[in-house]
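Following: one structure in structure tokens, then a few remarks.
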Amino acid sequence: MHFLITVALHPEARPLIAHFGLKQDTTAHAVPIFNRDNVSLAVSGVGRLKSAIATTYLLSRVSAPDKIGLLNIGIAGHTQIPTTGPVEIGDLFLVHKIAEQATGHTFYPDMLVQVHLPESVLTTVDRPLDQSDGMEVEAGLVDMEAAGFYQAAAAFLAPHQIHCIKVVSDFLEVQRFDKAMVSHLIEQRLTDIDRIIAAQNTVAKASSDILDETDRSMMNHLNRCLRLTVSQHKMLTDTVRTYKLHTGKALPDLSAFTQTVVTTRQEGKDRFERLGQLLMVK
């Protein structure tokens with residue numbers, strides 16, 4: 001299992017580089033990358049576009065995408081009014097929903113890892129918010145990278161391979177950026193990060209064997225009858241794997257989708273969408 005990590009800032013990267021014993025990759029010119037054995041880390045810079053570029057670049061440098069775990073790690077603000085609630089500076093959250101403020105799109109990382117850590121919604125914004133802006137977004141975390149990271153990652157990986165981990169650094173106060181504090185916040189959560197990586201490794205081992213010959217035969221039959229594109233076939237494989245991992249059950253009866261071959265692109269699209277709805281894990 002090869003674990004890939006993206007961070008926005010060098011102060012976020014420093015404790016991770018030290019913890020995993022990473023060394024800078026001198027062959028990487030587009031984005032700073034640090035490697036050792038089965039761990040690679042990229043420093044993207046601030047913003048969802050830069051995060052998407054760094055994520056894509058990092059993924060392009062490794063093979064065997066089914067044996068990859070990808071994590072976006074970093075600090076984030078929180079909409080809670082300071083001193084009024086249960087959230088404190090330094091708290092770590094696994095993100096189960098990412099909202100992209102600029103587009104209104106939402107994304108849902110798969111929460112198969114069992115680590116018993118708190119979860120949160122996160123909104124990705126294009127400019128730093130202050131407390132007066134907090135009502136503009138859903139209550140929870142706020143950052144500037146996660147939506148770009150997730151969209152780039154989802155083009156290559158299944159949802160259960162992608163995770164977003166955020167440490168609360170502020171409550172949307174306007175304040176001077178403290179590099180040492182950022183590094184300290186990440187360093188204090190290295191044990192939790194190790195737990196998440198170990199859990200992700202366990203899920204990866206389970207998912208690699210979850211599809212049996214009957215499943216693969218059915219997917220090939222669906223591929224022919226629905227005339228799926230390469231992208232749609234990948235989406236189907238990811239959906240089937242997620243269904244079996246979440247439910248622990250065999251696939252439902254899909255024979256209605258294999259009785260005839262579609263004759264138009266629109267017919268194929270419609271039947272593929274109905275298939276996805278049938279396999280959606282609620």
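A few remarks follow.
- Rg/Rh for the chain (Cα atoms only, Rh after Kirkwood) is 1.00.
- Selection from H221, H19, G90, by position along the positive dipole direction of the chain (Cβ): H221
- In plain terms, the residue of S217, S44, S63 with the fewest other Cβ atoms within 10 Å comes first and the most crowded comes last, giving S63, S217, S44.
- Between 0 and 90°, nearest 10: helix 213-226 axis offset from the chain longest Cα axis: 80 degrees
- Calculated [θ] (222 nm, deg cm²/dmol) that DSSP helices of n ≥ 4 give over the chain, each run adding -39,500 (n - 2.57): -12000 deg cm²/dmol
- Approximate spin-label separation R195-Q259, in nm, with each point projected 7 Å along Cα-to-Cβ: 5.1 nm
- The fewest-to-most ranking of E12, E88 by surrounding Cβ atoms within 10 Å reads E88, E12.
- In whole percents, the pair-distance distribution calculated for the range 213-279 from its alpha-carbon pairs, binned every 10 Å from zero, is 21, 60, 18, 1.
- Taking only the alpha carbons of the range 64-158, we obtain Rg and Dmax values of 14.0, 47 Å in that order.
- Ranking P109, A147, Q161 by how far each Cα lies toward the positive end of the dipole of the chain (charges on Cβ) leaves Q161 at the top.
- Magnitude of the charge dipole, the chain, Cβ model with Lys/Arg +1 and Asp/Glu -1, debye to 20: 980 debye
- Degrees separating the helix 48-60 axis from the principal Cα axis of the chain, which is the longest one: 60 degrees
- Partners for K67 among aspartates and glutamates (Cα-Cα distance below 17 Å; same-chain residues under 8 apart left out): D37, D110, D209, D238
- Within the range 14-59, chymotrypsin sites (Phe, Trp or Tyr not before Pro) in DSSP loop having at most 13 other beta-carbon neighbours inside 10 Å: none
- Segment A18-H246, length gained on full extension (0.36 nm per residue, minus Cα span): 78.6 nm
Quick note: the coordinates plus some simple rules give every number you see, no bench work behind them. None of the values given here were measured: they were computed from a predicted structure. In this analysis, Cβ positions are derived from the backbone assuming ideal geometry, glycine residues included, and neighbour counts consider all displayed protein chains.
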